[in-house]
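Notes follow once the structure below has been shown.
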Amino acid sequence: MKNVVSDASRGAKMPNETHANRLLRKIDDRSVVIGIVGMGYVGLPLAHAFCNAGFRVLGFDVDEDKVCVLNKGGSYIKTIDPSMVSKHQSAGLFEATAAYSRVAEVDAILICVPTPLDKFRNPDLSCVENTAQQIAANMRAGRLVVLESTTYPGTTEEILRPLLEDGGLKCGEDFFLAYSPEREDPGNPKFTAENTPKVVGATDPVGLDIATKLYSSIVGVVTVSSPATAEACKILENTYRSVNIALVNELKMLFDKMGIDVWEVINAAATKPFGFQAFYPGPGLGGHCIPIDPFYLAWKARQYDFTTRFIELAGEINTAMPEYVVNKVAQAVSDHGKALRGAKILIVGMAYKKNVGDMRESPGIRLLDILVKRGATVEYHDPYISSLPRMRDYAYKMQSVPLSGDVLARQDCVLIVTDHGNIDYAHLVERSCVVVDTRNATKSVPLHLLKKVIKA
Ligand SMILES: NC(=O)c1ccc[n+]([C@@H]2O[C@H](COP(=O)([O-])OP(=O)(O)OC[C@H]3O[C@@H](n4cnc5c(N)ncnc54)[C@H](O)[C@@H]3O)[C@@H](O)[C@H]2O)c1
């Protein structure tokens, strides 16, 4: 494996060159070395985008197993093909490491570590804080640091900056600091790190110039006046989704009582060429962003004695969806003369969204848990998740079962939680007793089969 930082003198400043000019020159001539901290769903595609543009990237991760896979030219993220990693590696553009001491070798550091909620649903910034402490201990003068992790407005200035300055370097003089939120949409090949504009806000104009120049090498950049504005922009984007999904989830429950199909309503409304954007109901929110990020803002708002009522209400409605779906399943088996206790239920799709293998915050696991607690016998099928990983709140040891006619026929109800694209839904409905569909995945099955389908 080639070392991406092959020339020890490459960090050197020219005589009389400022830190800023050195960075700008090195971005121009592609000699800048980019360190990306957190080789996950965000960091790895970002590394790929910079390598594609001819930059050298050193990927940092505390997970030694991931470092090992990457340095063998492999990948653990379905949407990043191993050949993408090995290509950049053999070109000497990419290497992974768990050693923070190697921060000293890079010119720009982009932080893409997790920002979850703790068990009281408050922001848990421990990964960002640990990363900042490690960077501060190892960073040399003249570097650019950018936070990409989603967080509440104020994090870059209030949390990251003082931790970095604890290392003895001064922000705006010895290093430059910016915030630029990731806008990754995993599993959607249409939007990538190379065609989705980046919003950038920095602590000073020089830092903004440097960060803008760096990101402009891979994608269009939208600059804003401060890191807090960029942080707020990311949270607005995710809150907008959460609130609109809650709205259609609520209308789904009402329209169901009225005998109206919410999917038909939304698809009809979406034909309006202005003033309406379609959002779709589902079994509950999932993923690393929408169920979590709005609560970062709600937490921060409390410091200003302000209640974010839309966020709280949307959270309440979306969180109640799995219970609503389970009640639909109970109704479906009851219509066939059975109780939920003792019923055999197959969950189809455990990932939080279609065509990905990511289970974080997935409503599938919550549904599994409620069904098991209510006495059902549950199996699952997911083409992207062969066995359930151990999760913070759940430890179900289960393997995905094949979607064979026999497996379908032995169920009292099949519950579609995720509408993966590679499933034959007509076959699924045909071989099932009754299907509860939370995603309108059965929209194209032949008409005579639809009587077996209950939308939830
Ligand atoms: N996944 C998405 O679709 C998405 C989209 C937009 C924004 N984000 C945000 O991006 C950030 C990262 O999310 P992700 O989905 O890539 O997470 P992830 O869990 O896939 O990856 C994070 C990586 O960081 C590593 N890590 C944790 N602590 C570390 C530390 N101290 N030093 C080095 N590495 C560390 C983990 O081992 C992991 O490999 C989060 O703030 C998230 O909210 C995610």
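From Ala343, Ala278, which residue is among the small types (Gly, Ala, Ser), open to solvent by less than 20 Å² (accessible area, probe 1.4 Å) and modelled with pLDDT of 95 or more? None of the other options fit; the residue is Ala343.
Per the listing Gly40, Gly74, the residue uniquely outside any helix (DSSP H, G or I) and touching a helix residue (DSSP H, G or I) at 6+ places or on another chain (Cβ under 7 Å) is Gly74.
Considering the stretch 34-86, the residues that are of a type in the set (Asp, Glu) and touching a residue at least 24 places away in the same chain (Cβ under 8 Å) include one that is surrounded by the most Cβ atoms within 10 Å (Cβ to Cβ), namely Asp61. From the list Ala211, Ala178, Ala193, the lone residue that is open to solvent by less than 30 Å² (accessible area, probe 1.4 Å) and away from the ligand (no atom under 16 Å from the Cβ) is Ala211. The set of residues in the stretch 401-426 that are free of Cβ contacts under 8 Å to residues at least 24 places away in the same chain and either closer than 20 Å to Lys373 by Cβ or surrounded by 14 or more Cβ atoms within 10 Å (Cβ to Cβ) (or both) contains only Tyr425.
Conditions (1) open to solvent by less than 30 Å² (accessible area, probe 1.4 Å); (2) without any contact (Cβ under 8 Å) to a residue 12 or more places away in the chain; (3) within 16 Å of the ligand (Cβ to nearest atom), marked per residue:
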{"residue": "Ser216", "(1), (2), (3)": "no, yes, no"}
{"residue": "Val224", "(1), (2), (3)": "no, no, no"}
{"residue": "Leu247", "(1), (2), (3)": "no, no, no"}
{"residue": "Asp256", "(1), (2), (3)": "no, no, no"}
{"residue": "Ala268", "(1), (2), (3)": "no, yes, no"}
{"residue": "Leu285", "(1), (2), (3)": "no, no, yes"}
{"residue": "Thr307", "(1), (2), (3)": "no, yes, no"}
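If you go through the stretch 397-418 one residue at a time, do you hit one that is over 23 Å from Phe255 (Cα atoms), within 27 Å of the chain's Cα centre (by Cα) and either at pLDDT below 95 or of a type in the set (Asp, Glu) (or both)? Yes - at least one qualifying residue is present in the stretch 397-418. Please tell me if Gly201 is assigned to a loop (DSSP other than H, G, I, E, B), among the small types (Gly, Ala, Ser) and touching a Ser or Thr at 6+ places or on another chain (Cβ under 9 Å). Criteria not met by Gly201. Selection of the stretch 290-312 for residues being hydrophobic (A, V, I, L, M, F, W, C) and over 17 Å from Arg366 (Cβ atoms) yields Leu297, Ala298, Trp299, Ala301, Phe306, Phe310, Ile311. Of the residues Glu184, Glu173, the single one that is open to solvent by 20 Å² or more (accessible area, probe 1.4 Å) and near the ligand (Cβ under 9 Å from one of its atoms) is Glu184.
For the stretch 141-158, enumerate the residues that are away from the ligand (no atom under 13 Å from the Cβ) and over 16 Å from Asp293 (Cα atoms). Correct list: Ala141, Gly142, Arg143, Leu144, Val145, Glu157, Glu158. Output the residues belonging to the stretch 427-456 that are on the phi > 0 side of the Ramachandran plot and surrounded by fewer than 20 Cβ atoms within 10 Å (Cβ to Cβ). Matches in the stretch 427-456: none.
The values are calculated or read from the model by the stated rules, or taken from the named source; none is laboratory data. The shown structure was predicted, so the numbers you read here are calculated from the model rather than taken from an experiment. Because the Cβ atoms are built from the backbone with ideal geometry, glycine has one as well, and the counts that use them run over all protein chains shown. The area values use the complete protein model at the heavy-atom level, side chains included, leaving out ligands, DNA and RNA. Shrake-Rupley method; radii C 1.70, N 1.55, O 1.52, S 1.80 Å.
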